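A short reminder: the numbers here are calculations on the coordinates, not readings from a lab. As the structure is a computational prediction, the values presented were derived from the model and not from experiment. Positions of Cβ are generated from backbone atoms using ideal geometry, with glycine treated the same way; all protein chains shown enter the neighbour counts.
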Amino acid sequence: MTLYFETFSRQLHKFGEELCGDHVEIVRTPDNIILALADGLGSGVKANILSTLTTKIAASMLKEGVHFDEVISTMAETLPVCRQRGVAYSTLTICQVKSSGECYLAEFDSPETIFLRQGEVLPLPREERLVFDKVIFESHFTLQHGDTLLLLSDGVIHAGIGASLNMGWRLANVAAYVANLARKNVSLRSMVTSLANTCDQLYASRPGDDATIVGIRAAMPRHLVLLTGPPQNTALDEMVVDRFLSAAGLKVICGGTTAQMVARRLQVTVSTAINTMEEDLPPIATMPGIDLVTEGMLTLTAALAIVRAAALSPGQLAESKLQKNTDGASRLADLLLNHCTHVQLLVGCAVNAAHVEHIAPQLGLRRQLIADLAHYLCLIGKEVVVEYF
């Protein structure tokens, strides 16, 4: 069984600092996924540089198949030494998962990783080992469909110290909090965002330390194929439609002309849902066998804005509100963000005859819009393939 691993992370900067002293590196290969979380000594610029170096070195070496012991040795020899403290210090958590679910976890001086299965927190089989005079805790286990791992920096478990909680939030309390969320079957994005928001509240919105949460969830691959625009060569119409219809997963059409092209092939009627019209967005439509039919460029542009916000400002996206909205952009963004792991974008390059004098701008705008959409979907952990016709 081949699993797909969704990832999502959130960070809080220490109050008064522009840069976060923690850093996250995620590397995907055809065979596995590598997550590295480091917490640099102190905070601000120096901590950010130290944690970034740590994660870049670790992830790059592991990607090349280097043994973890050699990774630790290389970092000890490479990282700069702090003048004030006389040490080159960064905590590190490494998680390497194969597509089969086999997982290797290594923790150096960082909070224990939280493992969730079916709404319960389960202990990991941690073994202590000395690597170049450093105490490392290692775990070997197998992830199953639905399992979730949460990697934390210590700013999470220290949340509230000196403010709302005398001794901080503590790992056991954090684990109980996310287990409660897991029992509600919330998305990984919602779980990580809720945890980050609660940390911020405990700090009274003035975090005393950098705090980072990295989530990874094992899931079965879920596919979505989106067709927008007829092909430039009309002789390819049937081939493109057949390619679209034979693809696995959810099927989305963006564009009235594109919808009519598919409807002719299926010999069905496209019906407009007038009640879904918004002031600045055309209504969606329905077609047998298709999961969502929307207008083209306006809807894609609005959906891109939502996806961009999810990628760059994840705490600002209200998922519950998004799922309740009936307009085409919200429906499309919800499908892209929450209902698929793999996205296939089939993009026709035909130009609307009514605007033939603007051929170059039309093609450029459409290509840039699709390129931006693919970019931001990749940022939030989706596998994206784009094809032009």
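Put in line by how crowded their Cβ is, counting other Cβ atoms within 10 Å and starting with the fewest, His140, His23 read His140, His23. Loop-located GluC sites (Glu not before Pro) across the range 20-120 with a Cβ neighbour count of 11 or fewer within 10 Å are Glu64, with loop assigned by DSSP. Could you tell me which GluC sites (Glu not before Pro) in the range 189-295 are loop residues by DSSP with no more than 16 other beta carbons within 10 angstrom of their beta carbon? Answer in residue order: Glu279. Note on Arg222 and Val386: the model spin-label points, each 7 Å out from Cα along the C-beta direction, lie 2.4 nm apart.
The mean sequence distance of close C-alpha pairs (under 8 Å, at least 6 residues apart), as a share of the length of the chain, puts its relative contact order at 15 percent. Look at the alpha carbon pairs under 8 Å that are at least 6 residues apart: their mean separation over the length of the range 4-219 gives a relative contact order of 27 percent.
Specify the longest stretch of the chain that does not include any exposed loop site, a site being one of the trypsin sites (Lys or Arg not before Pro) with a non-H, G, I, E, B DSSP assignment and at most 11 other Cβ atoms within 10 Å. Show your work: numbers first, answer last.
On the way: sites that count: Arg83, Arg85, Lys184.
Answer from the scan: 185-389.
Which one, Gly44, Gln118, Leu3, projects farthest toward the positive side of the charge dipole computed for the range 1-155 from Cβ point charges (K/R +1, D/E -1)? Value: Gly44.
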